[in-house]
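Enquirer: Let me give you the structure first, and then I'll get to my questions.
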Ligand SMILES: [Zn+2]
């Protein structure tokens, strides 16, 4: 079941922080669900466009500095933004981060230490959503998104 990163995915990893690259490269070896690196480095102009379209909430994105990647399920030759495969990929990414002892933040549950979490990835999303609702805060989920935490990687 071994997958490999395609040329486009490798290109997206250019200029991304080496710790994040090592997680992605390990994750593709152990994931039972293929994925593509959709967005590594982003320019400020690209980010402005995403915010305008509502696809992102901030101009202060970790993509601009090479601290974030989006790993999108790749199924039958197409990118699919669907939770079921996203959960499977998140599992592999978490395992890779654990192996490498690299802290990671996941867009499915922004407020937790994803690397050291152990609950099923689907539960993490549900718990995060419940916490936000309890605080009357908006739930913004971005399942394919992974970033190195600002605290350890300013
Ligand atoms: Zn992202």
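The values are calculated or read from the model by the stated rules, or taken from the named source; none is laboratory data. These figures come from a predicted structure and were not determined experimentally. Using ideal geometry, Cβ is built from the backbone for each residue, glycine included, and neighbour counts are taken over all protein chains shown.
Enquirer: Being under 22 Å from residue 18 (Cα atoms), within 13 Å of the ligand (Cβ to nearest atom) and in contact with a helix residue (DSSP H, G or I) (Cβ under 8 Å, 6 or more places away or on another chain) is true for just one of 153, 146. Which residue is that?
Expert: The match here is 146.
Enquirer: Of the residues 12, 49, 82, which is within 15 Å of the chain's Cα centre (by Cα), free of Cβ contacts under 8 Å to residues at least 12 places away in the same chain and on the phi < 0 side of the Ramachandran plot?
Expert: 82
Enquirer: Which condition number in (1) modelled with pLDDT under 95; (2) surrounded by 15 or more Cβ atoms within 10 Å (Cβ to Cβ); (3) more than 29 Å from residue 2 (Cβ to Cβ) is the one that residue 128 fails?
Expert: Here residue 128 clears every test but (1).
Enquirer: Looking at the range 26-46 only, could you name the residues that are out of contact with any helix residue (DSSP H, G or I) (no Cβ under 6 Å at 6 or more places or on another chain), free of Cβ contacts under 8 Å to residues at least 40 places away in the same chain and near the ligand (Cβ under 10 Å from one of its atoms)?
Expert: Answer for the range 26-46, where residues must be out of contact with any helix residue (DSSP H, G or I) (no Cβ under 6 Å at 6 or more places or on another chain), free of Cβ contacts under 8 Å to residues at least 40 places away in the same chain and near the ligand (Cβ under 10 Å from one of its atoms): 39, 42.
Enquirer: Can I ask one more? If you go through the range 56-89, how many residues are touching a strand residue (DSSP E or B) at 6+ places or on another chain (Cβ under 7 Å), more than 17 Å from residue 140 (Cα to Cα) and more than 13 Å from the ligand (Cβ to nearest atom)?
Expert: 6
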